[in-house]
Amino acid sequence: RFLRRLIFYHGRTNYLRITEMIFYLFFKNIVFTIVHFLYAFSNLSSGQTILDDWFISFYNTLFTMGPLIVRASVDQDLIPSDPEIVNRLYPFIYKESKDHQIFTKGAFFINYSKGFSYGIVNFYLTSYSYESMINLNGDTMDLWFLAVNLFTNILTVQIIDSL
């Protein structure tokens with residue numbers, strides 16, 4: 001009696017959530033990694049990282065966990081409390097899940113390209129715009145200032161993209 005609803009509604013909902021989670025995990029790690037990769041070329045592969053060790057350590061655990069938890073707990077495209085609408089949509093739900101229209105190679109490539117381009121734009125825009133900045137004492141901005149701004153931009157891009 002409950003098998004149809006379990007397979008079509010809950011199975012589809014979990015399929016959508018897992019697909020979005022996989023896309024988001026690849027996106028956020030690509031944006032984060034590209035910044036390190038480009039910085040390695042700009043400092044002639046000296047081994048110095050652009051971001052502080054605390055930023056790197058807490059990146060996956062604290063800073064990017066919030067959007068995943070919120071999305072997983074409140075995301076519903078069909079309202080399960082309205083069984084009439086869900087019953088009418090079962091053929092479409094089945095076709096969408098059967099044809100694998102959501103988790104495709106094209107969607108993955110688009111998401112990967114988006115993360116790659118966000119990382120490149122973030123690194124070059126931030127590093128070149130702050131390169132010429134001078135504070136009140138006449139000193140140019142240091143690596144810590146650049147790192148904090150890069151990390152803030154990475155988190156801002158990811159939060160905006162996850163909404």
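Taking into account only those residues within region 1-15 that are free of Cβ contacts under 8 Å to residues at least 60 places away in the same chain and in a helix (DSSP H, G or I), which is farthest from the chain's Cα centre (by Cα)?
The initial filter retains those residues of region 1-15 that are free of Cβ contacts under 8 Å to residues at least 60 places away in the same chain, namely 1-3, 6-7, 10, 14.
After this cut, where a residue has to be in a helix (DSSP H, G or I) as well, the list is 3, 6-7, 10, 14.
Values: Leu3: 34, Leu6: 29, Ile7: 28, His10: 24, Asn14: 18 Å.
My answer is Leu3.
For region 39-46, does any single residue satisfy the condition of being closer than 17 Å to Phe108 by Cβ and either hydrophobic (A, V, I, L, M, F, W, C) or touching a helix residue (DSSP H, G or I) at 6+ places or on another chain (Cβ under 8 Å) (or both)?
We begin by selecting, within region 39-46, every residue closer than 17 Å to Phe108 by Cβ; these are none.
Looking for residues that are closer than 17 Å to Phe108 by Cβ and either hydrophobic (A, V, I, L, M, F, W, C) or touching a helix residue (DSSP H, G or I) at 6+ places or on another chain (Cβ under 8 Å) (or both), one finds none in region 39-46, hence no.
One line per residue, one yes/no per condition, for (1) more than 29 Å from Gln101 (Cβ to Cβ); (2) β-branched (Val, Ile, Thr); (3) free of Cβ contacts under 8 Å to residues at least 40 places away in the same chain:
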residue: Arg17; (1), (2), (3): no, no, no
residue: Phe27; (1), (2), (3): no, no, no
residue: Leu44; (1), (2), (3): yes, no, yes
residue: Ile50; (1), (2), (3): yes, yes, no
residue: Trp54; (1), (2), (3): yes, no, yes
residue: Ser57; (1), (2), (3): yes, no, yes
residue: Met65; (1), (2), (3): no, no, yes
residue: Ile69; (1), (2), (3): no, yes, yes
residue: Ala72; (1), (2), (3): no, no, no
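Those residues that are hydrophobic (A, V, I, L, M, F, W, C) and under 14 Å from Phe27 (Cβ atoms), I need them from region 122-158; list them, please.
Filtering region 122-158 down to residues hydrophobic (A, V, I, L, M, F, W, C) leaves 123, 125, 133-134, 136, 141, 143-148, 150-151, 154-155, 157.
Of everything in region 122-158, those that are hydrophobic (A, V, I, L, M, F, W, C) and under 14 Å from Phe27 (Cβ atoms) turn out to be Ile154, Leu155, Val157.
Residues checked against (1) touching a residue at least 40 places away in the same chain (Cβ under 8 Å); (2) open to solvent by less than 50 Å² (accessible area, probe 1.4 Å):
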residue	(1), (2)
Gly119	yes, yes
Phe123	yes, yes
Leu136	no, no
Trp144	yes, no
Ala147	yes, yes
Leu150	yes, yes
Ile154	yes, yes
Val157	yes, yes
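Can you tell me which of (1) within 19 Å of Thr49 (Cβ to Cβ); (2) under 21 Å from the mean Cα position of the chain (by Cα); (3) touching a residue at least 40 places away in the same chain (Cβ under 8 Å) is the one Asp161 doesn't meet?
Here Asp161 meets the rest and fails (1).
Residue by residue through region 36-64, note down the ones that are outside any helix (DSSP H, G or I), of a type in the set (A, V, I, L, M) and open to solvent by 70 Å² or more (accessible area, probe 1.4 Å).
Going through region 36-64, the residues outside any helix (DSSP H, G or I) turn out to be 43-52, 64.
Then keep just the ones that are of a type in the set (A, V, I, L, M); that gives 44, 50-51.
Within region 36-64, Leu44 is the sole residue that qualifies.
Specify which of the listed residues (Arg1, Arg12) is at pLDDT below 85, open to solvent by 70 Å² or more (accessible area, probe 1.4 Å) and either of a type in the set (Lys, Arg) or in contact with a Ser or Thr (Cβ under 6 Å, 6 or more places away or on another chain) (or both). Quick ask: steps written out before the conclusion?
Values: Arg12 fails: open to solvent by 70 Å² or more (accessible area, probe 1.4 Å).
Matching residue, one of Arg1, Arg12: Arg1.
The values are calculated or read from the model by the stated rules, or taken from the named source; none is laboratory data. Owing to the predicted nature of the structure, the values given are computational and were not obtained by experimental measurement. Neighbour counts are summed over all protein chains in view; Cβ atoms, including those assigned to glycine, are modelled from backbone coordinates with ideal geometry. The protein model used for the area step is the full one, side chains on, heavy atoms only, and it has no ligands, DNA or RNA in it. Shrake-Rupley method; radii C 1.70, N 1.55, O 1.52, S 1.80 Å.
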